[in-house]
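Since the structure comes first, as structure tokens, the remarks are kept for the end.
The values are calculated or read from the model by the stated rules, or taken from the named source; none is laboratory data. Every value quoted in this text rests on a predicted model; they were computed, and no experiment measured them. Positions of Cβ are backbone-derived with ideal geometry, glycine not excepted, and every protein chain shown enters the neighbour counts.
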Amino acid sequence: MNTVPRARLFRRDDRDQLTDLVNAHLSSVIPGARVSVNAVLSSLERQPDEYIVDPWVVERATIVVEQGERIVAAAHLQRFAEHPRVSDDYRGAGLIQWALSVPGDDGGDPAAETLMRACLAQLRAWAVTTAYADGQLPFPGVYGIPASWPHVRRSLEGAGFSHDGPTEVVLLATTSGLASIADPPAASDVASTRELGAHGIRFIATRDGETAGYVEVDLTVNRAERHSAGPRFAELSDWEADDADVLVRLFGDLHEWLTSSDVARLIVAVDPADADECEQLFGLGFREVTSTTRGWRRQL
């Protein structure tokens, strides 16, 4: 006999099942994506990467839905301070940072419905009037509501949330796939250097003593506490070049550095409306792995 799903607050002994639920959702978005138990637990306490928004959070709650002895759904919620330092959009608001569930196999999803009821009850208990929802997990490229999570989208819509924001696409390249441009015949008049940039390691191309382009990549997604078995990832954080030959030269340098760093995959999120940028990245070996919708909200 099926047991009725029951919502309660997260306990530390839920950590393994919660991590399994997180990794199941990650792997449906980014091939090979996995995080450790420690990474999941740390993300429930703080988000140091979100150095602007995270200090605004004054309360957090993690809710799980249990059916029998199995965790079948979970959500992490935050409440932002009612303080002048907080931006107008976030001041006094609530956020469902992520809400995950095991999809029902018969068209129904009682676990997700139970989770959403508990989330709304918590938001109302916090007396927030505006609530946002997202799917940001502690892994690059997994945010918003990815196209591979239709069950999450349905549960948010069923709980009164609506989408009023951008749609972005997440692109992935394998380091080995960059090998085809590792020895470009062009841009022989370009010299390159490497230094630390604002968002990672920056490869800089110069021509006649002037900067001709740069590529910046973030390797901190492989911090020790996040590491789990599987391929290592990096995130392309910024790039600009005077021409295609310069960009190819920079990506050749990047390929060598990623190979030496045992990084197997490179991720970047872009605006699909920017056709030139997308075409440029496709030409460098990237491919689309998902699209994702941001800007989910409702009034309470």
Quiz item: Can Pro103 be described as within 20 Å of Arg294 (Cβ to Cβ) and modelled with pLDDT under 95?
Solution: no
Practice problem: Can you work out which of the residues in the stretch 44-54 that are of a type outside the set (Asp, Glu) and loosely packed, with under 14 Cβ neighbours inside 10 Å is nearest to Pro110 (Cα to Cα)? | Solution: Arg46
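Residue-by-condition table, conditions (1) outside the structural domain of Val142 (by TED's automatic domain parsing); (2) in contact with a strand residue (DSSP E or B) (Cβ under 8 Å, 6 or more places away or on another chain); (3) loosely packed, with under 13 Cβ neighbours inside 10 Å; (4) within 15 Å of Ala173 (Cα to Cα):
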| residue | (1), (2), (3), (4) |
| --- | --- |
| Gly197 | yes, yes, no, no |
| Thr206 | yes, yes, no, no |
| Asp218 | yes, yes, no, yes |
| Ala241 | yes, yes, no, no |
| Val248 | yes, no, no, yes |
| Glu256 | yes, no, no, yes |
| Val270 | yes, yes, no, yes |
Quiz prompt | Filtered residues of the stretch 258-267 (kept if exposed (fewer than 15 other Cβ atoms within 10 Å of the Cβ) and either modelled with pLDDT under 90 or assigned to a helix (DSSP H, G or I) (or both)) | solution = Ser260
Exercise. Scan the stretch 279-300 for residues that are crowded, with 17+ Cβ neighbours inside 10 Å and closer than 20 Å to Asp218 by Cα and report the count.
Key: 5
Quiz item: Hey, does the stretch 101-110 have a residue that's closer than 19 Å to Leu300 by Cα, assigned by TED's automatic domain parsing to the domain that holds Asp20, touching a strand residue (DSSP E or B) at 6+ places or on another chain (Cβ under 7 Å) and assigned to a strand (DSSP E or B)?
Solution: no
Practice problem: Restrict the check to the stretch 27-37 and report whether at least one residue is without any contact (Cβ under 8 Å) to a residue 60 or more places away in the chain, under 20 Å from Pro140 (Cα atoms) and surrounded by fewer than 21 Cβ atoms within 10 Å (Cβ to Cβ). | Solution: yes
Quiz item: Does at least one position in the stretch 29-39 carry a residue that is of a type in the set (S, T, N, Q) and closer than 20 Å to Val72 by Cβ?
Solution: no
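Residue-by-condition table, conditions (1) hydrophobic (A, V, I, L, M, F, W, C); (2) in a strand (DSSP E or B); (3) in the same structural domain as Gly141 (by TED's automatic domain parsing):
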site	(1), (2), (3)
Arg34	no, no, yes
Leu41	yes, no, yes
Ala61	yes, yes, yes
Leu77	yes, yes, yes
Gly92	no, no, yes
Quiz item: Within the stretch 111-132, can you find the residues that are surrounded by fewer than 17 Cβ atoms within 10 Å (Cβ to Cβ) and farther than 24 Å from Ala81 by Cβ?
Solution: Arg117
Quiz prompt | Residue in the stretch 132-145 that is hydrophobic (A, V, I, L, M, F, W, C), at pLDDT 95 or above and outside any strand (DSSP E or B) present | solution = yes
Quiz item: On the given criteria, is Arg249 under 23 Å from Gly144 (Cα atoms) and either touching a residue at least 40 places away in the same chain (Cβ under 8 Å) or of a type outside the set (Val, Ile, Thr) (or both)?
Solution: no
Exercise. Just name the residue that is nearest to Tyr143 (Cα to Cα) out of those in the stretch 231-257 that are of a type in the set (A, V, I, L, M) and part of a helix (DSSP H, G or I).
Key: Leu254
Self-check item: Candidate set from the stretch 276-290 (those that are in a loop (DSSP other than H, G, I, E, B) and out of contact with any Ser or Thr (no Cβ under 8 Å at 6 or more places or on another chain)); member that is nearest to Ala147 (Cα to Cα)
Solution: Phe286
Quiz prompt | Residue among Gly135, Gly94, Gly141 that alone is surrounded by 22 or more Cβ atoms within 10 Å (Cβ to Cβ), touching a Phe, Trp or Tyr at 6+ places or on another chain (Cβ under 8 Å) and closer than 24 Å to Ser36 by Cβ | solution = Gly135
